[in-house]
Amino acid sequence: MAKFTKANSVGEWLDQRLNTTALNKVLMTEYWIPKDINFLWAMGVLLATTFGILVISGLFLMMYYKPDVNLAFDSVNYTIMQEVAYGWLFRHMHGVAASVVFLIIYIHMFTGIYYGSYKQGREMIWISGMLLFMTFSAAGFSGYMLPWGQMSYWAAMVITNLFGGVPIIGDALVVWIRGDFNVADATLTRFFMLHVFLLPIVIMGLIGLHFYTLRIPHVNNQSSEDIDFDAEAEKYLSGNKKESKVIPFWPIFISKDLAVLGIFLIFYFYLVFFHYNFAMDPVNFDPADNMVTPAHIYPEWYFLWSYEVLRGFFFDVGPIKAFDIGLAAFGFANAIFLLLPFLDRDPAVLPAYKRPGFNVWFWILMVDLIVLTVYGKLPPTGINAWVGFVSAMLFIILFLVLPIITKADAKKRGA
């Protein structure tokens, strides 16, 4: 058994039993971050903070929400919004955070793509991050259903119907997910459980995994320079801080993160108090009615690009139905980012501006995703339908040609 001496403080007492000094070094004071980074590297802290806001505001909302088809709508729009003191504030905070968190995720995700932070030892960082994105997407969809408004109901109807396209077990799978032959009370309670219990636990576990995967390959930098972190850390610890290419996470790097976080919170609370309606669809302020279909059904803005890929294929091709083609394209769109480290065949970790072909590919992808998002909210009629089809095809083609483009870039550099 280890020998313990009398502790002179609570901190020393804990250190003897939990080795908090070593833990503090590993996670904070001797966790090294490159100097050559910008504000885009603060997105992780913004995501953690926004997730914290979602959890805390969600706990307050859960005290008054009723997961029952006869009570859910009134519990949100009357009890929480009008009767509970500051209930409106917690709903606005939760709704805005649910939308803003995806904006941060997309910035974080495409920053990683631009700087090549997904290969050469960083594959697990990328994969764990994409699993987080998928889990956040599931949480976003399940939460969208809970107010039990018109768009909540019909979005749930459309999305659960997609599982009917799974060969052989599709129809049974839809019934199993809904807990009924239709979107009903059993569906609401299942999605409530997913949203408030199961998915938050999975998200917390994946956040821990994501942080852990950063330990060995370390954080990338703007020039994608291959830094010898041990040697640079020695320089820093010996007092040669100016020439060292790294800084400690605590207190140097976190102070920069907190500066960005302060600016973000000003923006966030401005939306909460003055422009919260952008996160709440007007159609969803009507109670769910399975006898009245909205003129145009669409998801929240952060799902519009993949929704447009789904419905972009609006015509049959021979014996293959449009629904089946769209479903396959939708599956492709939601899984392909996970495989990005293996599609990029350039062995070098370089930012996009140092890879001419990939740079063009990246910005075409950005424009295409914006077009898909814009047209995903428009009725799929006339020219809108054809723009959606061309954009969906372009999205698929971009990823099919990515290995060729990245190999060509590597060949030009003589790699």
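Being hydrophobic (A, V, I, L, M, F, W, C) and over 19 Å from the mean Cα position of the chain (by Cα) is a property that A333 lacks.
Answer yes or no: is there a residue in the stretch 279-299 that is open to solvent by 50 Å² or more (accessible area, probe 1.4 Å) and within 21 Å of F102 (Cβ to Cβ). Checking the stretch 279-299: at least one residue is open to solvent by 50 Å² or more (accessible area, probe 1.4 Å) and within 21 Å of F102 (Cβ to Cβ).
Can you name the condition, by its number, that K256 falls short on among (1) of a type in the set (K, R); (2) open to solvent by less than 60 Å² (accessible area, probe 1.4 Å); (3) within 17 Å of G44 (Cα to Cα)? The failed condition is (2). On the stretch given as the stretch 173-228, residues that are of a type in the set (D, E, K, R), open to solvent by less than 50 Å² (accessible area, probe 1.4 Å) and in contact with a Pro (Cβ under 9 Å, 6 or more places away or on another chain) total 0. Regarding Y268, is this residue within 24 Å of I107 (Cα to Cα), out of contact with any Phe, Trp or Tyr (no Cβ under 7 Å at 6 or more places or on another chain), hydroxyl-bearing (S, T, Y) and surrounded by 12 or more Cβ atoms within 10 Å (Cβ to Cβ)? Yes; evaluated as a whole, the condition is true for this residue.
The condition of being surrounded by fewer than 22 Cβ atoms within 10 Å (Cβ to Cβ), out of contact with any Phe, Trp or Tyr (no Cβ under 6 Å at 6 or more places or on another chain) and either among the hydroxyl-bearing types (S, T, Y) or at negative phi (or both) holds for only one of M124, M151, that being M124. For the stretch 102-112, state whether one or more residues are in a helix (DSSP H, G or I), within 25 Å of H296 (Cα to Cα), open to solvent by 20 Å² or more (accessible area, probe 1.4 Å) and at pLDDT 95 or above. The answer is yes; a qualifying residue exists. Checking each residue in the stretch 229-247 for being open to solvent by 80 Å² or more (accessible area, probe 1.4 Å) and part of a helix (DSSP H, G or I) picks out D230, E234, L237.
Scan the stretch 63-92 for residues that are within 26 Å of the chain's Cα centre (by Cα) and surrounded by 15 or more Cβ atoms within 10 Å (Cβ to Cβ) and the total you get is 7.
Just one of the listed residues (I325, I405, I397) is in contact with a strand residue (DSSP E or B) (Cβ under 7 Å, 6 or more places away or on another chain), over 27 Å from Q150 (Cα atoms) and of a type outside the set (K, R), and it is I325.
What residue, among those in the stretch 48-60 that are open to solvent by 30 Å² or more (accessible area, probe 1.4 Å) and in contact (Cβ under 8 Å) with a residue 24 or more places away in the chain, is farthest from Y86 (Cα to Cα)? Residue satisfying both the conditions and the ranking: A48. So, M130, is that one within 30 Å of I320 (Cβ to Cβ), open to solvent by 30 Å² or more (accessible area, probe 1.4 Å), aliphatic (A, V, I, L, M) and at pLDDT 95 or above or not? No, not satisfied.
The values are calculated or read from the model by the stated rules, or taken from the named source; none is laboratory data. From a predicted model like this one, the values you see are computed outputs, not experimental measurements. All Cβ positions, glycine included, derive from the backbone under ideal geometry; neighbour counts span all protein chains shown. Areas reflect the complete protein model, heavy atoms only, side chains present, ligands, DNA and RNA absent. Shrake-Rupley method; radii C 1.70, N 1.55, O 1.52, S 1.80 Å.
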